[in-house]
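Colleague: This structure is in structure tokens; I'll ask about it shortly.
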Amino acid sequence: MSIQTTCSFCATGCNLEFEVENNNILSCKPVITHPVNKGLACIKGRNIAYQNSMEHRINSPLLRDEEGKMNPISWEKAYKIIAEKFIDINNKYGRGSLAFLSTGQIPLEEMAILGYIGRFGLGMEGDGNTRLCMATAAVSYNQSFGFDAPSYSWNDLMTTELAIFIGANPAISHPVPWWRLRKENKDAEIIVIDPRKTETAKMANMWIPVKLKGDLCLLYTLANYLIEKNYIDIEFVRNKIENFDEFKKFVSEYTLDKLEDSCGIKDNVLIELAEKIHNKKKVSFWWTMGVNQSYEATRTAEAIINICFLIKAIGKEGCGPNSLTGQCNAMGSRLYSAETCLFAGRKFNSENDRKIIRDILEIQDEIIPTRATLAFNEIIEKVETKDIKGLWIIATNPMVSYPHNTLMENFNSKIDFLVVQDIYYDTETAKEADLFLPTATSLEKEGTFINTERRLGAVQKVVEPPEGIKSDYEIILEIGKALGLNDKLKLDKWKTPKDAFNLMKAISEGMPCDITGVEYDNLKNSNGVQWPLRYKENLENDYRILFEDYNFYTENKKGKFIFETPQEYPELPNEQYPFYLITGRGGVGLWHTLTRTRNMPIVQHTYPKEDYLLISQQDADNLKVKDEDLVLVSSKNGNCNIKVKVSDEVVVGQVFISMHYNVANRLTDSLYDPYSKEPSYKYATVSIKKI
């Protein structure tokens, strides 16, 4: 039997086909006809079945006893304990004393029911690890467009004439579209703006080694040059975009003579970039974590959008200011988790939006949240101060992934009751749990993902989960019932993931992300559907872009130039910490905190068991270190021992550590963008000492 499903690693949205017999997976191959991956898959996708291995899984919940030992218990007892603990905490300390932390790697339907039971039912604070990767893109699109709406499709990468990657390394982080670009669009010119000579930069036509965190000044200088040379579409910006005169005046201060000091590049480099932009008809900008995970991330993303406004590189094939999403369903988290907005992007303070939700869900207004949740870091901080007493963590591993994660040490002792719900019982975070709940993998359940280009894809159950293991949807629903929320929340309307999808579909009507024309069952074995698709609309094309009519989602239908004077970074290299530390992905086969790739033989044989510090030859010579030497790396937040690898990827004064091995985040800083609250993972200052 053949079963098609959507890959649950990155947000490319590849579809895979599994041959299954007697509940055993015999093979996995990419779907040749799917418009996203066209027969391609990276090593994570091709080997995804290994995540189902029972090596790190268990068949029943585990409860910590008074001696600290974890013991198996029944699901009925687990639900009863959670309900008693959560109700007791709420009664003692009030609403807001409970919180959940979730992920961009579970289906839309599970996110929706978690937000519903957690935020609507219990008054929890609740955020997702999407905050750690995509909050910047969501805020910048909202502020510039009026809605969190990445406008592109993957077809734009395949038809662009000039692809400019800023803080993005798709050769590693989005390999399938990168391979497609190289194969299908061989004439496209590729420019990479990045302080590190990444794998993508090595293959680009032009690498611009901007000084770390010099990207915002670079973009403002580029905007000024384009305006001065009259390389802009003045009619478009006058008629369709607000604040042009103010923006023009603002960027006039960013002149070429200041470029080298602020950005570390010479003026002729920027002039060459501007001329290339001017001479191409289809120009596209692509950014990801190198922009998003920054102290001034939102304004940097908006500076990219501003450039596209100036040259009218939006609403057209092969164009756009395009954020590359990290996790498979981060877009679903952004729109359907009830964390930063109500379902389907509706607003907390809109009476009309609240009425629609009241009527469809048949609930009382007073249980609908009135504001966005506390951000991820604010929840952790309130655990530290004992203001949050109970925490429910679903499918994420903040003991490793949280910045400055030395703060997470002895986490269990800081909280009254910690529930961890995950595939694997032995993650660093699961080991801290008072109660562990074992869950199904993405191949053992159903639902939908929304990929980076707004495409809804079906998650189909390829095999049944092992006996005793339940889907996140079933667990969350049963917890809601155990909490006595059945009548209050009308949980009979939420019996299955399909029910949840149809509720979200109804709530989406009339919104930019309208999916009233999408049938849940029709998504199965299909090419997926990019939102919006409204009721009775015909889907005429697998690839669709937004803003072809140049009407944005603001009240006056205009986009908006948004800008702000760059701030000096709070932490600059000094005598004590003379090196810049950059973090990022370590390879195509590595994923987040390694829990889902560690069982893959190809990953075990291809990648080292420990991390390395990449350092330039000149800095290595100065420190008298060579490959495989052990060094102590220290920041003001923590330290680690790590081996050295001399590399041409980093320039003098920079070092690089990958994000995966619970090393980098012992050093990173707990600094956050003021608008998106996304952490500044990509920057810290460190010292290095040979051991």
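Colleague: Do you know which of the residues in region 267-286 that are part of a loop (DSSP other than H, G, I, E, B) and farther than 17 Å from VAL192 by Cβ is most open to solvent (accessible area, probe 1.4 Å)?
Modeller: That would be LYS281.
Colleague: Oh, and also: For ARG182, indicate whether it is open to solvent by 50 Å² or more (accessible area, probe 1.4 Å), out of contact with any helix residue (DSSP H, G or I) (no Cβ under 7 Å at 6 or more places or on another chain), under 23 Å from MET289 (Cβ atoms) and of a type in the set (D, E, K, R).
Modeller: The answer is yes for ARG182.
Colleague: Checking LEU212 against (1) within 14 Å of GLY290 (Cα to Cα); (2) in contact with a helix residue (DSSP H, G or I) (Cβ under 8 Å, 6 or more places away or on another chain), only one condition comes out false. Which one?
Modeller: Every listed condition holds for LEU212 apart from (2).
Colleague: Being in contact (Cβ under 8 Å) with a residue 12 or more places away in the chain and within 21 Å of LYS347 (Cα to Cα) is the filter here, so list the residues in region 542-556 that pass it.
Modeller: PHE552, TYR553, THR554, GLU555, ASN556
Colleague: Return yes or no: is LYS431 open to solvent by 30 Å² or more (accessible area, probe 1.4 Å), in a helix (DSSP H, G or I) and either more than 26 Å from GLY123 (Cβ to Cβ) or polar (S, T, N, Q) (or both)?
Modeller: Yes; evaluated as a whole, the condition is true for this residue.
Colleague: Got a sec? Which of GLY528, GLY480, GLY510, GLY447 is of a type in the set (Gly, Ala, Ser) and surrounded by fewer than 22 Cβ atoms within 10 Å (Cβ to Cβ)? Let's see the steps before the verdict.
Modeller: On the way: GLY528 fails: surrounded by fewer than 22 Cβ atoms within 10 Å (Cβ to Cβ); GLY480 fails: surrounded by fewer than 22 Cβ atoms within 10 Å (Cβ to Cβ); GLY447 fails: surrounded by fewer than 22 Cβ atoms within 10 Å (Cβ to Cβ).
Within the list GLY528, GLY480, GLY510, GLY447, the selection yields GLY510.
Colleague: Go through ARG354, ARG334, ARG358 for me and flag whichever is part of a helix (DSSP H, G or I), free of Cβ contacts under 8 Å to residues at least 24 places away in the same chain and either touching a strand residue (DSSP E or B) at 6+ places or on another chain (Cβ under 9 Å) or aliphatic (A, V, I, L, M) (or both).
Modeller: Values: ARG334 fails: free of Cβ contacts under 8 Å to residues at least 24 places away in the same chain; ARG358 fails: either touching a strand residue (DSSP E or B) at 6+ places or on another chain (Cβ under 9 Å) or aliphatic (A, V, I, L, M) (or both).
ARG354 is the lone residue from the list that is part of a helix (DSSP H, G or I), free of Cβ contacts under 8 Å to residues at least 24 places away in the same chain and either touching a strand residue (DSSP E or B) at 6+ places or on another chain (Cβ under 9 Å) or aliphatic (A, V, I, L, M) (or both).
Colleague: Looking at region 200-220 only, could you name the residues that are part of a helix (DSSP H, G or I) and either open to solvent by less than 50 Å² (accessible area, probe 1.4 Å) or within 24 Å of THR255 (Cα to Cα) (or both)? Let's see the steps before the verdict.
Modeller: Let us first name the residues in region 200-220 that are part of a helix (DSSP H, G or I), namely 200-203, 215-220.
Those that are part of a helix (DSSP H, G or I) and either open to solvent by less than 50 Å² (accessible area, probe 1.4 Å) or within 24 Å of THR255 (Cα to Cα) (or both): THR200, ALA201, ASP215, LEU216, CYS217, LEU218, LEU219, TYR220.
Colleague: Output the residues belonging to region 547-589 that are of a type in the set (A, V, I, L, M), assigned to a loop (DSSP other than H, G, I, E, B), in contact with a strand residue (DSSP E or B) (Cβ under 9 Å, 6 or more places away or on another chain) and modelled with pLDDT of 95 or more.
Modeller: Residues of region 547-589 that are of a type in the set (A, V, I, L, M), as a first pass: 562, 572, 581-582, 588.
When the remaining residues are screened for being assigned to a loop (DSSP other than H, G, I, E, B), the result is 562, 572, 588.
If we keep only those that are in contact with a strand residue (DSSP E or B) (Cβ under 9 Å, 6 or more places away or on another chain) too, we end up with 572.
Within region 547-589, none qualify.
Colleague: Would you point out which residue out of LEU533, LEU539 is farther than 30 Å from LYS197 by Cβ, of a type outside the set (D, E, K, R), in contact with a strand residue (DSSP E or B) (Cβ under 8 Å, 6 or more places away or on another chain) and free of Cβ contacts under 8 Å to residues at least 24 places away in the same chain?
Modeller: LEU539
Colleague: Now for a separate question. If you scan region 316-343, which residues turn out to be open to solvent by less than 10 Å² (accessible area, probe 1.4 Å) and closer than 30 Å to GLU275 by Cβ?
Modeller: Those that are open to solvent by less than 10 Å² (accessible area, probe 1.4 Å) and closer than 30 Å to GLU275 by Cβ: GLY318, CYS319, GLY320, PRO321, ASN322, SER323, LEU324.
Colleague: Can you tell me which residue within region 249-267, out of those that are more than 15 Å from ASN306 (Cβ to Cβ) and among the polar types (S, T, N, Q), is modelled with the highest pLDDT?
Modeller: Once the filter is applied, the top-ranked residue is THR255.
Colleague: Would you check if there is a residue in region 95-103 being under 15 Å from the mean Cα position of the chain (by Cα), hydrophobic (A, V, I, L, M, F, W, C) and either part of a strand (DSSP E or B) or buried (at least 22 other Cβ atoms within 10 Å of the Cβ) (or both)? First the steps, then the outcome.
Modeller: Applying the first criterion (under 15 Å from the mean Cα position of the chain (by Cα)) to region 95-103 yields 101-103.
Then drop every residue that is not hydrophobic (A, V, I, L, M, F, W, C), which leaves 101.
Applying the additional criterion that residues be either part of a strand (DSSP E or B) or buried (at least 22 other Cβ atoms within 10 Å of the Cβ) (or both) yields 101.
Within region 95-103, one or more residues are under 15 Å from the mean Cα position of the chain (by Cα), hydrophobic (A, V, I, L, M, F, W, C) and either part of a strand (DSSP E or B) or buried (at least 22 other Cβ atoms within 10 Å of the Cβ) (or both).
Colleague: Let me ask another. Looking only at region 300-314, decide whether some residue is of a type outside the set (Val, Ile, Thr), within 24 Å of the chain's Cα centre (by Cα) and farther than 20 Å from THR221 by Cβ.
Modeller: No, because not a single residue in region 300-314 is of a type outside the set (Val, Ile, Thr), within 24 Å of the chain's Cα centre (by Cα) and farther than 20 Å from THR221 by Cβ.
Colleague: Kindly indicate the residue of region 457-481 that is of a type in the set (A, V, I, L, M) and outside any helix (DSSP H, G or I) and also farthest from ALA78 (Cα to Cα) among those meeting that condition.
Modeller: Ranking the qualifying residues of region 457-481, first place goes to ALA458.
The values are calculated or read from the model by the stated rules, or taken from the named source; none is laboratory data. Owing to the predicted nature of the structure, the values given are computational and were not obtained by experimental measurement. No Cβ is skipped: glycine too gets one built from the backbone with ideal geometry, and neighbour counts run over all protein chains shown. Ligands, DNA and RNA are excluded from the accessible area calculation, which covers all protein heavy atoms including side chains. Shrake-Rupley method; radii C 1.70, N 1.55, O 1.52, S 1.80 Å.
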